[in-house]
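Chemist: The structure that follows is given in the form of structure tokens.
A short reminder: the numbers here are calculations on the coordinates, not readings from a lab. Only a predicted model underlies this, so the values are computations on that prediction, with no experimental measurement involved. Cβ: placed from backbone, ideal geometry, glycine included. Neighbour counts: every protein chain shown.
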């Protein structure tokens, strides 16, 4: 394990920990905004009850997302000082836009959203939920612009030892940005909808707060039913726009070491050193079909087309994609089955389906994390694809420093994750029954007697 | 004034906004460690629960503007101050989560304790980071290369104590503004003590700068006059605070305002005396600045966003304005 490996592991784990929370809160923020709007318009107490319950689930996840996001900003300078110094002129302002257009908006209004109930008017409350939702969406926009630039860099020249912007439109709207952005935003909403439906299903299984539970499951599955098929279309477009620019990633995703395989690899244990798969399971001819050759003669490109020094490690790229893909099939199957149940009027009586739905609470989060593993490990050995190697971008730190920070982050993040899961479980057990009380501030009373 | 200077002013603005805003909520957090009354600890925490998030945004903006505008400085200063910055991040995480957990579950007091400890470590670490800026930077081939604790010297200990006391004083001044009764009186008494201690430590630090690699540069008249004037303003701010922070004084908004004036004046005074050097020996505003194209984007994108940012920050405080019954 080299110091480079340690810095990479630190970044990978801290960024994945961070991503877990936006994967739920971006969608939940939009959901909260809709719920409060419905409550404001209709005056119906059910929507207020839902708003308060889901807000409690949202609150801690949002805070965890914020503080773990701050870490990422600093890590780019701490562990990747050369990366920061060389890409700062391009990436820096894009991240700056994220901070001013999203971070501040969220942070400024989250206090009102969380603690304003009963202290500010309903119009102000609604405005706060809208601002927080807009903030999370804008945040996704700029972060994806920055990351997409690292995947498919454009609009710059390399001079004076750094990336200097020449055309901001090209840099921001780089070739992969719009498709990846749509794909990510859609993913965040889908994962939140499975999260909401799953927690709703928990109450169906328990036979508690049925009207609340049914409405949550309905909304969750309804949103997913529209967005999951759309997501498969978006994902396909991400691949077709990004892969021509990153052939090495495409080769690693398909799991082939040489370019003659007309089948499609669904399972493989790659051996990078020997440049072959120890175990491999193919679906015959499917690989050729994907390349639009129904005669089963087109072999898929393999990693042999990329020089060894420029190859990504196949294992995380291959499996990152497979986990995302298998999860998406599972989600598609779930909504298909739910739709059938609904037409046969069995959606509210099928206990087994409710139980299954409950276990699929984290499915969207898993798919998002796996997708990012593929995107980021597939870009290796580059940090800015084709221009800056990860090994050249790392800070020259002492081993003691990195060991300290890796252990510090792991320990703290483990505790935080445990606290978060315990908190969600407790909030679920306590249930939304207590959220029906009118007008009094539910959380954190500001006026103490 | 060049474009580089304009962006540098933006960095400074973020720095002072961060120090006066997150300074008070870190200070309130540290104050909970010295508070024996359980209910008062809770009241103090509730005073920052809805605001810490917005206040902390300024340090994120500080980091990204530094990264965008002075990328070489960002890429060398952060590794230079690696250990204290990591401790700061760990402390800020623990503290942010503790605020939310504590205000969501009113029974568990361990989160309040974690909030206090996190605040203390964040403040100390920031003081140490400030201290590392007075230590000579070792750069080889355009990248930082120094020993892990090489950047932390005796001055760092002094500045850590100074920064922490300034935050505590800001925290108590804020609490006096927001609280009533017993908590208000306590905040006044402890606030005066911490403001005196902060003044002594900061004064000692400014004198001690002479012994570091980053002594004050007051060679020409303009610098000397600017520095002297700002220092006088800082002393005036502290004087106002010391008079009005006493529980007997009925003015509850001047103590915080006085400290804000003196903190901001002090930061600008130090910058006036060190400009354009960022870190000794050679890292300056001019040799780390981004290309023109980047600076223009920053000036436009971030500059135009500043009025709404300040509005959000003001509004977040405005929505929860006024005194809170605390005893």
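Chemist: Let a ≥ b ≥ c be the square roots of the eigenvalues of the Cα gyration tensor of region A:258-413; is it rounded (a/c under 1.5), or, if not, prolate (a/b larger than b/c) or oblate?
Modeler: On the way: a/c = 2.94, a/b = 1.26, b/c = 2.33.
The shape class here is oblate.
Chemist: Shifting gears a bit: Where does each of B:72-80, B:127-135 land if you order them by average Cβ count within 10 Å, highest first? Let's see the in-between values first.
Modeler: On the way: B:72-80: 27.1, B:127-135: 23.4.
Highest-to-lowest ranking by the protection proxy: B:72-80, B:127-135.
Chemist: Within 10 Å of each Cβ of A:115-124, how many other protein chain Cβ atoms are there on average? Don't jump to the answer; show the numbers that get you there.
Modeler: Numbers: counts 7, 3, 0, 0, 3, 2, 0, 0, 0, 2.
Whole-number average of other-chain Cβ neighbours for A:115-124 is 2.
Chemist: Then there's this: Return the average number of partner chain Cβ atoms within 10 angstrom of each residue Cβ along peptide B:90-103.
Modeler: Rounded to a whole number, the mean comes out at 6.
Chemist: Tell me the mean residue ellipticity at 222 nm calculated for the protein assembly as shown from its helices only (DSSP H runs of n ≥ 4, each -39500 (n - 2.57), averaged over every residue, nearest 500).
Modeler: On the way: 27 runs with 549 residues, N = 776.
Computed ellipticity for the protein assembly as shown at 222 nm equals -24500 deg cm²/dmol.
Chemist: May I pose another question? Going by alpha carbons, how many degrees (0 to 90, nearest 10) lie between the helix axis of B:82-104 and the longest principal axis of chain B?
Modeler: Its long axis makes an angle of about 30 degrees.
Chemist: Moving on. Post the alpha-carbon centroid distance, region A:188-239 to region B:260-305, in whole angstrom.
Modeler: Distance between centres, Cα-based: 48 Å.
Chemist: Another question, if that's okay. Quick one: order B:176, B:186, A:346 by neighbouring beta-carbon count within 10 Å, fewest to most.
Modeler: Working: B:176 30, B:186 22, A:346 11.
Least to most surrounded, the residues fall as A:346, B:186, B:176.
Chemist: Would you order A:389, B:110 from fewest to most other beta-carbon atoms within 10 Å of each residue's own beta-carbon? Walk me through the numbers before you get to the answer.
Modeler: Details: A:389 15, B:110 11.
Fewest-to-most Cβ neighbours within 10 Å comes out as B:110, A:389.
Chemist: Sticking with this structure for a sec: Please order A:253, B:285 by the number of other Cβ within 10 Å, starting at the fewest.
Modeler: Working: A:253 24, B:285 19.
Starting with the residue having the fewest Cβ neighbours, the order is B:285, A:253.
Chemist: Of A:103, A:343, A:158, which is the most mobile in a GNM of chain A whose springs link Cα atoms less than 10 angstrom apart?
Modeler: Comparing A:103, A:343, A:158 in a Gaussian network model of chain A, the most mobile one is A:343.
Chemist: With every atom except the alpha carbons ignored, what do you get for Rg and Dmax of the protein assembly as shown, in angstroms?
Modeler: So, for the protein assembly as shown, Rg and Dmax equal 27.2, 92 Å respectively.
Chemist: Quick check: the angle from helix B:71-80's long axis to the longest principal axis of chain B, C-alpha only, nearest 10 degrees?
Modeler: 60 degrees
Chemist: Additional query: For the pair residue B:306 and residue A:258, what calculated FRET efficiency results from E = 1/(1 + (r/R0)^6), where r is the Cβ-Cβ distance and R0 = 51 Å, to the nearest 0.05?
Modeler: Given R0 = 51 Å and the Cβ-Cβ separation, E is 0.35.
Chemist: Still on this structure, I have one more. Using only Cα atoms, find the angle between the long axis of helix B:38-49 and the longest principal axis of chain B, and express it within 0 to 90 degrees, rounded to the nearest 10.
Modeler: Approximately 40 degrees, to the nearest ten.
Chemist: Applying 1/(1 + (r/R0)^6) with R0 = 56 Å to the Cβ-Cβ distance of residue B:154 and residue A:267, what FRET efficiency is obtained, to the nearest 0.05? Write down the numbers at each step before the final one.
Modeler: On the way: r = 60 Å, r/R0 = 1.08.
Once rounded, the FRET efficiency stands at 0.40.
Chemist: Separate question: What does the structure give for B:294-303 when I average, per residue, the other chain Cβ atoms found within 10 Å of the residue Cβ?
Modeler: Mean number of neighbouring Cβ atoms from other chains: 5.
Chemist: Cα gyration tensor of chain A, axes a ≥ b ≥ c as square roots of the eigenvalues: rounded (a/c below 1.5), prolate (a/b > b/c) or oblate? Walk me through the numbers on the way to the answer.
Modeler: Values: a/c = 2.00, a/b = 1.36, b/c = 1.47.
Oblate shape, in that a/c is at least 1.5 and b/c is the bigger or equal ratio.
Chemist: Right, something else. To the nearest Å, what is the center-to-center distance of region A:279-342 and region A:343-370, using C-alpha atoms only?
Modeler: The distance from the Cα centre of region A:279-342 to that of region A:343-370 comes to 24 Å.
Chemist: To continue, here is another question. Rank by packing, highest mean first: peptides A:305-317, A:213-225, with packing defined as the count of other Cβ atoms within 10 Å averaged across residues.
Modeler: On the way: A:305-317: 16.8, A:213-225: 21.1.
By packing density, highest mean first, the sequence is A:213-225, A:305-317.
Chemist: Continuing with this model, one more query. Rounded, prolate or oblate for region B:3-318? Axes are the square roots of the Cα gyration tensor eigenvalues, ordered a ≥ b ≥ c, and the cut-off for rounded is a/c under 1.5. Walk me through the numbers on the way to the answer.
Modeler: Numbers: a/c = 1.62, a/b = 1.45, b/c = 1.12.
Prolate shape, in that a/c is at least 1.5 and a/b is the bigger ratio.
Chemist: Report the FRET efficiency, 1/(1 + (r/R0)^6), for residue A:170 and residue A:296, where r is their Cβ-Cβ distance and R0 is 60 Å, rounded to 0.05.
Modeler: On the way: r = 40 Å, r/R0 = 0.67.
It comes out at approximately 0.90.
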